[in-house]
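Read-outs throughout are calculated quantities, based only on the coordinates presented, and are distinct from any laboratory measurement. In this text the structure is predicted, and so the values were computed from the model without any measurement. With ideal geometry, Cβ positions are generated from the backbone for all residues, glycine too; neighbour counts draw on all protein chains shown.
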Amino acid sequence: MRNLTLRGLRVFEAAATTGSFSRAGELMGMTQSAVSQQIRQLEDELGTRLFDTQARPIRLSDAGAELLRHCRVILAQVSVAEDALSTLQGQFRGQLHVGVVSPGQYFVPRLLAAFRRQHPELRLKLSQGRRDHLLMMLAERQIDLLIGGYPPAEAEVEAEVFARHPHCVIAAPDHRLAGQHALPWAALRDDTFILREAGSATRAFLEHLLQMQRLQVRADVELQGPEAIKAAVMAGMGISFASAHTFQSELAAGRLVVLDVVETPKQLDWCVLTRRDTPLSATQRLLRDHILAHGTQAAACQLGPFSA
């Protein structure tokens with residue numbers, strides 16, 4: 001395997017990640033035929049097929065999946081080496097790819113904008129998604145770090161807390177319970193709860209709280225994403241349980257209210273998550289340190305007149 005090249009591995013990784021030779025070509029600044037030729041050369045060198053090109057999207061063979069696992073480790077180490085050499089020369093270069101769970105999209109851009117002003121030579125890429133998918137991307141070295149809540153115990157990541165993450169019960173301003181103080185959870189029994197989609201961390205958090213309260217509620221409406229939830233609450237379809245980051249603008253404009261339910265807001269933690277098995281590069285440490293230093297201020301929330 002003397003003729004394996006970093007460029008060949010990068011082309012292969014791009015094709016494997018996108019499931020498309022044409023998309024890989026766009027990412028690499030190559031034509032689709034050039035990508036195909038590069039993959040054929042790699043297959044000839046290794047003596048095995050790496051892709052099932054009859055499938056749509058193209059799929060990795062077993063050999064391709066094994067090569068991808070090693071390829072990402074190799075490319076990550078090369079990136080660390082390149083980063084270290086640039087740092088020795090007093091320069092920070094390259095791209096940092098950050099993953100963030102959906103409530104974080106409401107404050108993380110401010111955090112990254114401040115970082116970018118300090119280090120304009122670094123490129124930033126932000127991917128938003130569900131925690132399980134982003135953790136997989138982190139494990140596979142597709143993102144450099146992840147901003148989210150505490151990971152599952154089995155995840156091979158380091159988690160460092162930088163801010164609190166409040167969750168509240170929200171309602172339309174004319175809701176019958178708006179303005180009342182110290183509401184017991186039982187007061188919500190007859191309200192329709194507008195739930196996030198199954199698999200959402202916010203929904204799982206609410207279901208856990210309702211179980212702890214031994215409370216059965218009406219759950220007739222299920223919507224996907226915080227924007228749909230807010231629109232439904234403001235329209236008077238019901239109440240919901242939401243991350244405070246998602247409704248700051250609507251709260252300030254008086255288009256929804258936070259209900260003063262006892263022992264709320266409920267708090268989780270915001271963490272910056274990094275791989276446990278790979279040392280951080282200098283640029284990754286730079287961004288991690290920025291998040292830890294400034295994340296509390298960036299994530300500050302207003303919770304209305306009942307904030308604790």
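Were the residues from Ala235 through Val161 laid out at 0.36 nm apart, the gain over their Cα-Cα distance would be 23.1 nm.
Shape class for the range 119-181: prolate, because the ratio a/c of the largest to smallest gyration tensor axis (alpha-carbon atoms, square roots of eigenvalues) is 1.5 or more and a/b beats b/c.
The distance from the alpha carbon centre of the range 138-172 to that of the range 185-222 is 22 Å, rounded to a whole number. Note on the chain: GNM, Cα springs under 10 Å; of Phe21, Phe115, Phe107, the largest mean-square fluctuation is that of Phe21. With the simple spin-label model, which puts each label point 7 Å out from Cα in the Cβ direction, the Arg56 to Gln128 separation comes to 3.1 nm. In a Gaussian network model over the chain where Cα atoms closer than 10 Å are linked, find which of Pro279, Pro166, Pro103 has the largest mean-square fluctuation. It is Pro279.
As a length-normalised measure over Cα pairs under 8 Å and 6 or more apart, the relative contact order of the chain settles at 21 percent.
Measuring r between the beta carbons of Glu197 and Asp174 and using R0 = 22 Å, the FRET efficiency lands at 0.25. A straight chain from Glu121 to Ala186 at 0.36 nm per residue would run longer than the Cα-Cα distance by 18.0 nm.
Taking every DSSP bridge with both residues inside the chain, close to 55 percent are antiparallel. Pairs of Cα atoms in the range 167-258 fall into 10 Å distance bins, from 0 up to the last occupied one, in shares of 17, 55, 27, 1 percent.
Sparsely packed loop sites in the range 152-190 (the GluC sites (Glu not before Pro) outside DSSP H, G, I, E and B with at most 13 other Cβ atoms within 10 Å) comprise Glu154, Glu156. Between Thr48 and Gln142, the contour length at 0.36 nm per residue exceeds the alpha carbon distance by 31.4 nm. From the largest down, the chain spans 73, 48, 33 angstrom on the principal axes of its Cα atoms. Here each label is just a point 7 Å from Cα along the line to Cβ, and for Arg285 and Glu26 those points are 3.7 nm apart.
Considering only the Cα atoms of the range 160-201, their convex hull presents on average a projected area of 5.0 nm². In the elastic network of the chain, a GNM with C-alpha springs shorter than 10 Å, the most mobile of Phe12, Phe162, Phe241 is Phe12.
Using the Cβ-Cβ distance between Thr17 and Ala113 with R0 set to 25 Å, the FRET efficiency from 1/(1 + (r/R0)^6) comes to roughly 0.40. The calculated Kirkwood hydrodynamic radius for the range 15-61 is 10.7 Å, given to one decimal from all distinct C-alpha pairs.
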